[in-house]
1. I'd like the residue in region 47-57 that is of a type in the set (A, V, I, L, M, F, W, C) and surrounded by fewer than 24 Cβ atoms within 10 Å (Cβ to Cβ) and, out of all such residues, is farthest from ligand 2 (Cβ to nearest atom).
2. If you go through region 3-23, how many residues are under 12 Å from the mean Cα position of the chain (by Cα) and of a type outside the set (Gly, Ala, Ser)?
3. For region 245-290, give me each residue that is open to solvent by less than 10 Å² (accessible area, probe 1.4 Å), under 22 Å from Arg228 (Cα atoms) and of a type in the set (S, T, N, Q).
4. Going residue by residue through region 93-103, is there one that turns out to be modelled with pLDDT of 95 or more, open to solvent by 30 Å² or more (accessible area, probe 1.4 Å) and either of a type in the set (Ser, Thr, Tyr) or outside the structural domain of Leu43 (by TED's automatic domain parsing) (or both)?
5. In region 1-21, what residues are surrounded by 18 or more Cβ atoms within 10 Å (Cβ to Cβ) and either within 14 Å of ligand 1 (Cβ to nearest atom) or among the acidic types (Asp, Glu) (or both)?
6. Is there a residue being under 30 Å from the mean Cα position of the chain (by Cα), within 15 Å of ligand 2 (Cβ to nearest atom) and over 23 Å from Asp140 (Cα atoms) anywhere in region 181-189?
7. Looking at Glu21, Glu61, which one is charged (D, E, K, R) and farther than 17 Å from Ala96 by Cα?
Amino acid sequence: MTDVIDSQRVTIFDTTLRDGEQAPGASMNLAEKLKVAAALELLRVDVIEAGFPAASPGDFESVQAIARKVRGISVCALARCTRADIERAWDALRDAERPRIHVFLATSPIHREHKLKLSRAEVVRRAVEAVGIARSHGNDVEFSAEDASRTEPDFLVEVVEQVIAAGATTVNIPDTVGYALPTEYGETIAMLKRTVRGIDRAVLSVHCHDDLGLAVANSLSAAQAGARQIECTVNGVGERAGNCSLEEVVMAMHTRAASLHLHSNVRTTQLHAASRTVSRATGFVVQRNKAIVGDNAFAHEAGIHQHGMLQHPSTYEIMRPEDVGFRNPGGLVLGKHSGRHSLRQRLEQLGYQLEEAELEAVFGHFKTLADRKKEIFDGDLETLIDGLKGGPGGRWELVSIQATSGTGSAPSAAVCLQQRGGRQMEDAAVGDGPVDAVFKSIERIAGVKVKLRNFQVRNMTPGEDAQGEVHIEVDHEGRSYRGRGISTDIVVASAHAFLEVVNRIAAVRPRSAMAADEEVRCGAV
Ligand code: KIV
Ligand code: ZN
């Protein structure tokens, strides 16, 4: 009986920190990546793909830090099929309890001809050689045939067969450009199971992108056909339209277990917390109607639905909110009589893991807030913690803002920033509105110029003293950056969001490039 159940278990391979982070504007700093890794550990995914060590020193450092921290699950690093990449991946992974090296090479004719300029034979040779090098370091080696869904079936069979013979323990069949259809993709997996010699020596994996909105459907179809690893990301973040959404694919297997006969090890009650953690770390807002983790995922507005729900929840609910850790969406959670235990519990549901001393500090501020504000909502708690932790950290902190607007005079702002470990600096500007004037003042102080791409405001909590959340997205030197700020004052929230963007830019830009200009432009306070 156990064997039967286990043969239906699907390994959940999370690539939020690698493919997810490749989404424009989703880049995370080390502290944010460690928080995401901790959330994935709590979620009990089977494999965390922590990054691509050869891509940058920052990527190497974060893979190494995650490899040293995470216990009980595999930590994976991506490498191209070159010795240098594989050695770099192994260096980053060597302290992991369960290291996995993941090598990839494109196999489709389009990639072979236009990108790689390699023959079929050369692709096979390089793939086999890379798997051999990776196996010389460890027993857990994955090979990905990039753009597999557009590869000739006979060649795909050959590649899969050869990399298994060379020692690959997992072989991934990515739908790199999100082109596959569920029936056809399932058939590819079934064909590989039928045809490839030695297929039982490796786990077949799938990795679907969502360009046609079919990533989850394709992954499930592949798993029904025999794939036993699904690669996915929390909130479906990833390049272009994103990757297969972890929470959706896991809950589909969970909710429809009787039909699919598939299951995973994921603790579904941690899904909501993981989603919040990833949203905070990447700055990507989860749309309200997002399946499983969106604010409206369990909300019933229509009278007829509410009536049915009151009679029996199963009339309109196929999952219980608590199954995904969605206890009290946006609702009243705590008040001034709430104790440390309730506070900790609620914070954990929001994805915060606090040390005892941190909880103590938060509890003190929570009590002060509860004296002022009768009703404490999730948004209030997130604001409080983000404020105490100083956001994601960075070179600049906001000291003060004065902004004016109205009819008959040009909107203007004066901003004072504190440079971490340095001086306070201030500047002023006029703009198209008070928010624009604040942005211009910050740009002048920090010595960066950005192009604003997107500006969104939404309420985080209900009521007159509602917290507003501002999300912005900017372009700077060919890269996109996101920032988020929360306050009861939209201008202040905008300043925090803009400062987060500036701090993210500062983190990837040499200090000297910004510092020289700062001295010239701004008066020290
Ligand atoms: O989409 C893709 O093909 C990838 C591979 C590197 C697995 O991300
Ligand atoms: Zn991918």
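1. Result: Ala54.
2. Number satisfying all stated conditions: 8.
3. Ser245 - this is the single residue of region 245-290 that is open to solvent by less than 10 Å² (accessible area, probe 1.4 Å), under 22 Å from Arg228 (Cα atoms) and of a type in the set (S, T, N, Q).
4. No.
5. Phe13, Asp14, Thr15, Thr16, Leu17, Arg18, Asp19, Gly20, Glu21
6. Yes: region 181-189 contains one or more residues that are under 30 Å from the mean Cα position of the chain (by Cα), within 15 Å of ligand 2 (Cβ to nearest atom) and over 23 Å from Asp140 (Cα atoms).
7. Glu21
This table checks each residue for (1) buried (at least 23 other Cβ atoms within 10 Å of the Cβ); (2) among the polar types (S, T, N, Q); (3) farther than 28 Å from Asp211 by Cα; (4) at pLDDT below 95.
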| residue | (1), (2), (3), (4) |
| --- | --- |
| His114 | no, no, no, no |
| Leu118 | no, no, no, no |
| Val131 | yes, no, yes, no |
| Glu142 | yes, no, no, no |
| Glu152 | no, no, no, no |
| Val160 | yes, no, no, no |
| Ala165 | no, no, yes, no |
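The values are calculated or read from the model by the stated rules, or taken from the named source; none is laboratory data. All values reported here derive from a predicted model rather than from experimental measurement. Positions of Cβ are generated from backbone atoms using ideal geometry, with glycine treated the same way; all protein chains shown enter the neighbour counts. Only protein heavy atoms, including side chains, enter the accessible area calculation; ligands, DNA and RNA are left aside. Shrake-Rupley method; radii C 1.70, N 1.55, O 1.52, S 1.80 Å.
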